[in-house]
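Okay, structure first, notes after.
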Amino acid sequence: MAGYKQWIQSEIKDYWLPWLIITIVFFFSSLYIYENRGIFIHERESEHLVVNQQRNDMTLGELTGNMKLSQSFRVEENTFSRVQLQFGTYGRKNHGTLLFMLKEQKSGKVISRQKLSLSKLPDVKNFYIDFPPVHQAKGKGYIVSLEGHHLQSGNTVTLWRSAKDSYKNGSLTINGKKQPGDLFFKVLKVENKPLLSKTAFVLVGVALLLLFLGSVVLIRKCSDHLHKVFLIIAIPFGLIITLIIPPFDQFDEIEHYFRSFEVSEGKFTNQTVDQRLGNYIPISLVDTVQDVRFIHQDGFKYELVRQEFAKKLDSDHRVFTRNYASSYPPLIYFPQALGMMLGRLIFDSPLAMMYLGRLFNLIAYISIVYMALKIVPVKRKLFFTLALIPAPLILAASLSADGITDATALLFVAYILHLAYGKVNQINRKHIATAILIGLFIALSKIVYIPILFLFLIIPTSKFSSKKEYIKKFAYLFIGCMIPFVIWNLMNLKNMSVPDLRINPGVSPGDQVKFVLTHPLYYVKYFIDTLYSEGNTLVISMLGKATSNYLYQAPSIVIFSYLFMLLLFGIIKEETEISIPVRNIDRFIFLGIFSIVFLLIYTALYVGFSPVGAPIIGGVQGRYMIPIAALFFLSLSYPKIVSKDGKLGFLIYTIVQCSMFTLLLHYLVDINS
């Protein structure tokens, strides 16, 4: 007992600041959980899918005059109380009304009659029409109808429909004439119940707080082993984020979902069918996306997602689809594809495949970063902090290929630093082969990141037998990484030749290149104007201010805590690094490569995303800067500022863990709000 007391006194004396921060965060976290209890224990709507016609291939056109449309359907549940439609307003503020009616098909009895004001209809968002619950409905047919009155073109709305008769339990009629497709609609049963009982909420809250305290204790025990601390923080946070971010809510996750499935089937390139470019993917994958995407506008719809797990993969019925992520090489989708293969074998569920794809992508990210932290000889706390900023870790917990790109870029920089400053006396073929193996992921991911390979130039010539050997080995590295890049792009020429129809109108890469070459000063001005107007947003989005389609916001204190730590560890030199000289020329190389890639990213988006001659460069996102972030902060290194405080590690690990835990609690509330 006396020894235990002495240990506590020693901890408080030596590490009073980290434990004070931990105590404050624990107190405010407990208060935050309590204050937001209503989100979890008060009654809220829980939707159950009753009827689903999810095809939305085309629109009906404007609803004009006295047009009347009707959609019949059959119910296989006992109760329903909501119809979901999706209107298109053409971006206008329209005026007028639509008469909505729900009636029994057999008897013609009107169950609900409502007037819908066109001015209140949202554009391309789910619109709910509620009515008193209809009971004993199983096996019965019903009709939904919408009727306009003197609606004028240019001042009205439209609805989505399927092109073919994919829904067999009903039909669409317009002005009494049967149509080949069906209305895009859902019928739902709505219940009011809490997400968690009071007891369950208390247990979950206590479990989260215990997880926080337990991880802090483990971090303190492993504080001399930075790579182990990384695992203690990254694994639980990543696993929880993998589960709580709603399906397909991560940036471009739908495209990555389809691409991961293609790779899991060995389909590495698009095929040409009837002069169209794409691949055949199961309709059940498309249906899964339609069922659960964009349904979480007012909180995670757990019941709808749970129902989706029961749906099975139907590999026999497929649809030809152009997936723009198919232009990315299959290698960077290997973890996701492996997870989806396992999901297909074990669960045979498209949604389970998605979650397993996320999980394997996270495992790959954590494994690669773990290796980077083990080998990097300088700025280890900088690399640790970079690996745990919210954006890359959250991207890694999705199906995005950015997770592998970010991790391998960090590993490549760490490995080159290991060769330059580590205990490597002579660079041999094994070192070059390893660098090629890591570097080819960078070359394959995006062409703009290829200059990162020139980081090889920081390795002193003294580690080679001669200058000729130095040049030869650099040539091996560069050519070794470029060969897969060239091969892939030759295989992918068809896909690259077809324009991306999702980009802004007025985009013409060829004409934009001519504009930049003939008006270089204008381009420089537009580049500077873009940095001036959007530079601060770029930095905070790189750190993870908003990382999903619904833009769940990270607290500002988390973002600026990370920014402070990155700047601090970029500038100062740790005591263990005193014997490792970082030359001035090296800092120049770090900054030079960062600047070149930075400019290439902007130029690529100006050429391929922005309209010709646009005064602002569009499409730039902070996550594109993550692979080169380490180079920027390394360029800030100032060898005369040395940290000799051996207790600094636990303080920094504490701040990172507190930031991650704060972010996690914030997400749990935000996602369910």
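The values are calculated or read from the model by the stated rules, or taken from the named source; none is laboratory data. No experiment lies behind these values; they were computed from the predicted model shown. A quick note on method: Cβ atoms are made from the backbone with ideal geometry, for glycine too, and the neighbour counts reach across all protein chains shown.
Key figures for this structure:
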| item | result |
| --- | --- |
| Out of Ala137, Ala163, sole residue that is modelled with pLDDT under 90 and either assigned to a loop (DSSP other than H, G, I, E, B) or surrounded by 13 or more Cβ atoms within 10 Å (Cβ to Cβ) (or both) | Ala163 |
| Condition met for Leu453 (modelled with pLDDT of 95 or more, farther than 18 Å from Phe383 by Cα and either outside any loop (DSSP other than H, G, I, E, B) or β-branched (Val, Ile, Thr) (or both)) | yes |
| Members of the range 599-609 that are crowded, with 18+ Cβ neighbours inside 10 Å and modelled with pLDDT of 85 or more | Ile601, Tyr602, Ala604, Leu605, Tyr606, Val607 |
| The range 317-330: number of residues that are part of a loop (DSSP other than H, G, I, E, B) and among the aromatic types (Phe, Trp, Tyr) | 1 |
| Residue satisfying all of: in the range 281-311; of a type in the set (A, V, I, L, M) and in a helix (DSSP H, G or I); farthest from Thr405 (Cα to Cα) among these | Leu304 |
| Some residue of the range 185-193 being more than 19 Å from Gln86 (Cα to Cα), surrounded by 14 or more Cβ atoms within 10 Å (Cβ to Cβ) and in contact with a helix residue (DSSP H, G or I) (Cβ under 9 Å, 6 or more places away or on another chain) | yes |
| Among (1) buried (at least 18 other Cβ atoms within 10 Å of the Cβ); (2) within 30 Å of Phe485 (Cβ to Cβ), the one test that Thr288 misses | (2) |
| One residue from Gly205, Gly238 being in contact with a Leu (Cβ under 6 Å, 6 or more places away or on another chain), touching a residue at least 60 places away in the same chain (Cβ under 8 Å) and surrounded by 18 or more Cβ atoms within 10 Å (Cβ to Cβ) | Gly238 |
| Enumeration of residues in the range 180-215 that are in contact with a Phe, Trp or Tyr (Cβ under 7 Å, 6 or more places away or on another chain), more than 30 Å from Leu60 (Cβ to Cβ) and not aliphatic (A, V, I, L, M) | Pro194, Phe201, Phe212 |
| Residue, nearest to Leu591 (Cα to Cα), within the range 459-476, restricted to residues that are surrounded by fewer than 22 Cβ atoms within 10 Å (Cβ to Cβ) and either in the same structural domain as Phe590 (by TED's automatic domain parsing) or touching a residue at least 40 places away in the same chain (Cβ under 8 Å) (or both) | Pro460 |
| Ser533 vs. criteria assigned to a helix (DSSP H, G or I), exposed (fewer than 15 other Cβ atoms within 10 Å of the Cβ), modelled with pLDDT under 90 and out of contact with any His (no Cβ under 8 Å at 6 or more places or on another chain) | yes |
| Selected residue [crowded, with 16+ Cβ neighbours inside 10 Å and within 30 Å of Leu663 (Cα to Cα)] from Glu35, Glu47, Glu43, Glu62 | Glu47 |
| Residue check for Val263: in a helix (DSSP H, G or I), farther than 20 Å from Gln553 by Cα and in contact with a Gly (Cβ under 9 Å, 6 or more places away or on another chain) | no |
| Qualifying residue in the range 52-64 (condition: of a type in the set (Gly, Ala, Ser) and within 20 Å of Asn192 (Cβ to Cβ)) | no |
| Members of the range 250-307 that are farther than 29 Å from Leu188 by Cβ and of a type in the set (D, E, K, R) | Arg259, Glu262, Glu265, Lys267, Asp274, Arg276 |
| Of the criteria (1) assigned to a helix (DSSP H, G or I); (2) surrounded by fewer than 19 Cβ atoms within 10 Å (Cβ to Cβ); (3) of a type in the set (Asp, Glu), which one Asp314 fails | (1) |
| Count - residues of the range 1-58 that are of a type in the set (Asp, Glu) and closer than 30 Å to Pro180 by Cβ | 2 |
| Helices (runs of 4 or more DSSP H) wholly inside the range 1-69 containing at least 3 residues that are in contact with a helix residue (DSSP H, G or I) (Cβ under 7 Å, 6 or more places away or on another chain) | 16-35, 37-41 |
| Filter result (touching a residue at least 60 places away in the same chain (Cβ under 8 Å) and aromatic (Phe, Trp, Tyr)) within the range 344-394 | Tyr355, Tyr365, Tyr370, Phe383, Phe384 |
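Yes/no per residue for (1) basic (Lys, Arg); (2) under 29 Å from the mean Cα position of the chain (by Cα); (3) at pLDDT below 90:
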position	(1), (2), (3)
Lys13	yes, no, yes
Ile21	no, no, no
Tyr34	no, no, no
Phe40	no, yes, no
Val51	no, no, no
Leu85	no, yes, no
Gly88	no, yes, no
Thr97	no, no, no
